[in-house]
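Values in this text are rule-based calculations from the coordinates and carry no lab data. Note that the structure is a prediction, hence the values are computed from the model and not measured. Backbone-built Cβ (ideal geometry, glycine too); neighbour counts: all protein chains shown.
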Amino acid sequence: TQAPLVPCIMPVTTAKFFALDFGVSYPAGFREGFVGTDPEADKAFGLDFAARQCKTLLAGGAPGLHLYIMNKAENAQALWQAMRG
């Protein structure tokens, strides 16, 4: 039996995220894109990165996306807007 694989995306919107050790590697330039002193700039960078990831996954044939937004509906709305543009 085969089932479609739905990629999961968790938009990272704060440099504080990296204080947690998940034991994973990050794409080149990802961590460096967060300045840590400007929350709005960090949020914009993280949402833009996530939007580009989502577009790439959907263009590559992903059947849909599952968003981990951690009860931050405004992040889902901003991501949707970024993907539309």
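Some points to look at:
- Output for region 1-28, where each listed residue is without any contact (Cβ under 8 Å) to a residue 40 or more places away in the chain, closer than 16 Å to Cys54 by Cα and of a type in the set (Val, Ile, Thr): Val12
- Looking only at region 66-85, and only at residues there that are in a loop (DSSP other than H, G, I, E, B) and more than 11 Å from the chain's Cα centre (by Cα), the one that is surrounded by the most Cβ atoms within 10 Å (Cβ to Cβ): Lys72
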